[in-house]
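The values are calculated or read from the model by the stated rules, or taken from the named source; none is laboratory data. Keep in mind that what you see is a predicted model, and the values were worked out from it rather than measured. In this analysis, Cβ positions are derived from the backbone assuming ideal geometry, glycine residues included, and neighbour counts consider all displayed protein chains. Remember, those area values only see protein heavy atoms, side chains included, never the ligands or the DNA or RNA. Shrake-Rupley method; radii C 1.70, N 1.55, O 1.52, S 1.80 Å.
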Amino acid sequence: MSQLPYSEKVMDHFSNPRNVGEIPDASGVGTVGNPVCGDVMKMFLKIENNIIVDVKFKTFGCGAAVATSSMVTEMVKGKSIDEALKISNKAVAEALGGLPPIKMHCSVLAEEALRSALKDYFTRQGKPIPFEDKGHEHHGEKCL
Ligand code: FES
């Protein structure tokens, strides 16, 4: 019997990703590329009174990237900006029942897309960005 390296939750979110698409009147849009593999993720946020009322994404990437983007959209919907900022790529991977170590870098894309969309939101509002730009960092992963 062949063993899939992915948990059932990862397979579920990969096969039926939640919140795929675009928000035409988004409050913030973030696009990030994964420096390890070149995959790209775009995230759209609709924010009202500090709450993420809607979120959509488009990912041109591997199965783990699609699954983590899908999971992160579920995790931030209805949350305040502060709560959303506390969600790390590790928390997303854990919510998915874990990712193979070689695929952890894919989950970084989801966290960075979220932060990039929030950054865009604050910039559009003319407000200072209330968090540090992590920039090109690997969260313990190595660039290939
Ligand atoms: Fe590119 Fe997973 S291999 S994001």
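Of the residues C62, C106, ranked by 1.4 Å probe accessible area with the largest first, the sequence reads C62, C106. Here the accessible area is traced with a 1.4 Å probe on the protein chains. For the chain, carbon and sulfur cover 53 percent of it. Ordered by solvent-accessible area of protein heavy atoms (1.4 Å probe), largest first, the residues S15, S70 come out as S15, S70. Result for the chain in a Gaussian network model with C-alpha springs under 10 Å: among E22, E94, E132, the largest mean-square fluctuation is at E132. Expressed to the nearest 5 percent, the antiparallel share of DSSP beta bridges inside segment 1-92 is 95 percent. Extent of the chain along its three principal axes (Cα atoms, max minus min coordinate, largest first): 55, 29, 23 Å. Residue order by solvent-accessible surface for D25, D120 is D25, D120, largest first, with ligands and nucleic acids left out and a 1.4 Å probe.
Taking Lys and Arg as +1 and Asp and Glu as -1, the other residues whose beta-carbon sits under 13 Å from that of V40 total 0.
The trypsin sites (Lys or Arg not before Pro) found in segment 1-87 that occupy coil by DSSP, while having at most 14 further C-beta atoms within 10 Å, are K86. Computed from Cα atoms, the angle from the helix 104-125 axis to the main principal axis of the chain rounds to 10 degrees. With a threshold of 18 Å on the Cα-Cα distance, the over-threshold entries among K58/K86; K77/K103; K79/K127; K46/K119; K42/K90 are K58/K86; K77/K103; K79/K127; K42/K90. Apply the a/c threshold of 1.5 to the C-alpha gyration tensor of segment 74-119 and tell me whether it is rounded, prolate or oblate. Because a/c hits 1.5 or more and a/b fails to exceed b/c, segment 74-119 counts as oblate. Accessible area per residue for the chain, computed on protein heavy atoms with a 1.4 Å probe, is 52 Å². Only DSSP H runs of four or more residues enter the estimate; each adds -39500 (n - 2.57), and after division by the residues of the chain the mean residue ellipticity at 222 nm equals -12000 deg cm²/dmol.
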